[in-house]
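This report refers to the structure that appears directly beneath it.
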Amino acid sequence: MSEAAFTLPGYRIDLGVDEKLRLDCGVSLGPFPLAYQTYGELNADKSNAILVCHALTGDQFVGETHPITGKPGWWDLMVGPGKPLDTERYFVICANVLGGCLGTVGPKETDPTTGKPYGLSFPVITIADMVRAQRMLIDHLGIDQLFAVLGGSMGAMQVLDWAARYPERVFAAVPIAGAARHSSQNIAFHEVGRQAIMADPDWHGGDYLLHGSRPHRGLAVARMAAHITYLSERALHRKFGRNLQDREALTYGFDADFQVESYLRHQGITFVERFDANSYLYITRAMDYFDLAAEFGSVAGAFEGTQVRFCLISFTSDWLFPTSESRTVVHALNAVAADVSFVEIESDKGHDAFLLDEPEFREVLSGFLNGCAEHRGLVGR
Amino acid sequence: MNGPATAIRVDLQLIAEMVEPGSRVLDVGCGDGTLLQHLWKTKEVNGRGIELSQAGVNACVRNGLSVIQGDADTDLKDYPSDAFDYVILSQTLQATHNPRTVLDNMARIGKRSIVSFPNFGYWRVRWSLLFGGRMPMTEHLPNAWYDTPNIHFCTIRDFVMLGREMGLHVERGLALNGDGRPLRLDPAGGLANLLAEQAVFLLRRA
């Protein structure tokens, strides 16, 4: 492992050394590197650990300035002293997902058997595989039970999978803006993104690293299309309307006349600097394959007899993971008499609302975690 | 869940007294979670709530209570049988579309049901209809007929009869005045039906 070459903040360990990670596709992986970051201190009885699961294009830098973009961590609003995930009380862990591109094994890492980047020879991974890898990390840290597992979007899928697969390892689960399965419409959007990447001549059948090129144009288009699904019509209109970009009149051409075009192009361009195109293919595929009911018979079946305390949160204007998806999970949890809270937050910011400053969302999350901390004995009643 | 247990409405207090410590409770129409909070603080009850208003739900979850947004009429059917020791319906029965189905589901989900409701047999209500010829409005039923959420009023006698028909056994009953204080009356008797402004019943399947 190239420990010395790993220059990002945080930690990188080898997992699957003694026992390989058996993936859903049938391949066994290991040893493999997994990169993670932590905030706060693990207490003596290791009962205060919170695992944060990141979304499709997120990473482990949840609560600090991002080492590549220089921007605040993606959940800086939530993680830190005095914040809902209070690092003076909790030990917060976030790992780069399997298939990712910031230190954990993924298609851009070197395949030890060939000495070349995996590219498309990297095995197709699933949400469950990501969770299995995270469980190996939690074992490595000597934590029997996580106080809470939280995540939004694809993070919420991992949270649900954690609670279904390892219920005894989770005290509380908070799936935010998520679903128990990826919808047909969402698979369709992902397919557009993947086709954009694969249509870029610089993609080279996935071997672009060997060709010294990067499919930046394809990946940028994928990001642009996806980014629209993270917003809402109202939020877009409020932000941009039909305003023109640095010009007084239409140009009768295909420059970015409109601010919204310029904004999307910017989103695409900045994204390619920090993300790997093949990782995007693999991780979107993992989301597409996610369907709890398919593995457990039904969503309720996934949670039979569960002791986990759930809090589901959705946002009114989120059309990518609408409230109805969360409600489906809530109904399934009711059917097994699980301990469940469910809150829909009023917001016009679309799916992205879970990353943004929504005071009501923050208060709900804080309140839920405080209540759980009381029940877990982390704070006095 | 900060702060000490504070005084709560007398009728809620009476409901709380019917609940065994450490039991599992579902509060249907739990509002801002006052009763659930009280039950957790004073009896370490494992409580859940369903509340129609999103503002109420959010307030509950902010306070660390396990509450979902939902509707007594449509969402009780999801719960498995015998999942709770008590299912509580406080001042909500009269606002449901199908009270009998709601009571049926409560009796199925919980080993016991606790129901409190306003008594439409109360003498002022009768007086208002008899002499005023108008749909009654009282301090505790302040809505006019056209904007009231209360669509299925009953008298105490109506409730007792329905319970009997459904095979529910009254373990305890309390006739209450408007402030929620108990009256020394047989809760199923004619006098209670005339003088009580509300009632609370603890029921179990016979």
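To the nearest 10, the accessible area of residue B:97 is 130 Å² with a 1.4 Å probe.
For the range A:236-286, the per residue solvent-accessible surface stands at 58 Å², with DNA, RNA and ligands left out and a 1.4 Å probe. Computed about the Cα centre, the dipole magnitude for the range A:93-173 is approximately 120 debye when only Lys and Arg (+1) and Asp and Glu (-1) carry charge, each at its Cβ. Amide H to amide H distances under 5 Å link residue B:185 with B:175, where only residues 5 or more positions off or on other chains count and H is placed in the peptide plane.
What average number of partner chain Cβ atoms lie no more than 10 Å from the Cβ of the residues making up A:372-378? Before the final figure, lay out the partial values.
On the way: counts 2, 2, 4, 6, 0, 0, 0.
Mean partner shielding for this stretch: 2.
Both radii come from the Cα set of the protein assembly as shown: Rg as radius of gyration, Rh as Kirkwood radius; their ratio Rg/Rh reads 1.06. Grouping the Cα pair distances of the range A:289-357 into 10 Å bins from zero gives a pair-distance distribution of 21, 44, 29, 6 percent in increasing distance order.
Peptide A:58-69 is shielded by partner chain Cβ atoms: per residue, an average of 0 of them sit within 10 Å of its Cβ. Centre-to-centre separation between the Cα atoms of the range A:280-294 and those of the range B:57-108: 35 Å.
For chain B, which whole percent of the accessible surface, found with a 1.4 angstrom probe, sits on carbon and sulfur atoms?
Details: 4970 of 9530 Å².
That share works out to 52 percent.
Extent of the range B:64-206 along its three principal axes (Cα atoms, max minus min coordinate, largest first): 48, 33, 32 Å. Every pair of different Cα atoms in the range A:187-284 enters the Kirkwood calculation, which places the hydrodynamic radius at 14.5 Å. With a 1.4 Å probe and every protein chain kept in, tell me what percent of the accessible surface of the range A:69-145 is carbon plus sulfur. That fraction is 51 percent.
One Cα centroid belongs to the range A:32-55, the other to the range B:109-133; the line between them spans 56 Å. Each Lys or Arg adds one and each Asp or Glu subtracts one; over the other residues with Cβ under 14 Å from the Cβ of residue A:352, this totals 0. If only the Cβ of Lys and Arg carry +1 and only the Cβ of Asp and Glu carry -1, the dipole of the protein assembly as shown around its Cα centre is close to 1180 debye. Candidate membrane-span-like segments in chain A, meaning DSSP H helices with Cα atoms spread over at least 15 Å of their own axis and a Kyte-Doolittle mean of 0.0 or above, are A:127-140, A:154-165, A:216-230, with no membrane implied.
Projecting the Cα positions of A:280, A:231, A:258 onto the charge dipole of the range A:187-284 (unit charges on Cβ atoms of Lys, Arg, Asp and Glu, taken about the Cα centre) puts A:231 furthest along the positive direction.
How would A:165, A:234, B:112 rank on accessible area, largest to smallest, probe 1.4 Å? Working shown, then result.
Values: A:165 45, A:234 170, B:112 75 Å².
In descending accessible area the options line up as A:234, B:112, A:165.
Over all other residues within a Cβ to Cβ distance under 13 Å of residue A:318, the charged ones net out to -4, with Lys and Arg as +1 and Asp and Glu as -1. Taking all protein chains together and a 1.4 Å probe, the residues A:270, A:7 rank A:7, A:270 from largest to smallest accessible area. Amide H contacts for residue B:45 (H built 1.01 Å from N in the peptide plane; partners 5 or more residues away or on another chain; cut-off under 5 Å): B:22, B:40.
Could you tell me what percent of the DSSP beta bridges with both partners in chain A are antiparallel, to the nearest 5?
Numbers: 15 of 41 bridges.
If I count the DSSP bridges inside chain A, around 35 percent turn out antiparallel.
Remark: the range A:167-307 carries a charge dipole of roughly 320 debye about the Cα centre, counting +1 on each Lys and Arg Cβ and -1 on each Asp and Glu Cβ. Close amide H contacts of residue A:244 (hydrogens built in the peptide plane, cut-off under 5 Å, sequence separation of 5 or more or a different chain): A:259. Counting only protein heavy atoms and using a 1.4 Å probe, the accessible area of residue A:198 comes to about 70 Å². When the residues A:144, B:75 are ordered by accessible surface, computed with a 1.4 Å probe over the protein chains alone, the sequence from largest down reads A:144, B:75. For the interface of B with A, what's the total buried accessible surface in square angstrom, probe 1.4 angstrom, rounded to the nearest hundred? Interface area, both chains combined: 2100 Å², rounded to the nearest 100. In the context of the full set of protein chains, the range A:1-70 has a per residue accessible area of 46 Å² (1.4 Å probe). Counting, for every residue in A:336-346, the Cβ atoms of other protein chains within 10 Å of its Cβ and taking the mean gives 6. The range B:180-197 to the range A:212-259: how many Å between their Cα centroids? After rounding, the separation between the Cα centres reads 69 Å.
The values are calculated or read from the model by the stated rules, or taken from the named source; none is laboratory data. Here the structure is a predicted model, which is why all the values come from computation and not from measurement. Here Cβ is always computed from backbone atoms with ideal geometry, including for glycine, and neighbour counts include all displayed protein chains. Surface accessibility is based on the protein's heavy atoms, side chains included, excluding ligands, DNA and RNA. Shrake-Rupley method; radii C 1.70, N 1.55, O 1.52, S 1.80 Å.
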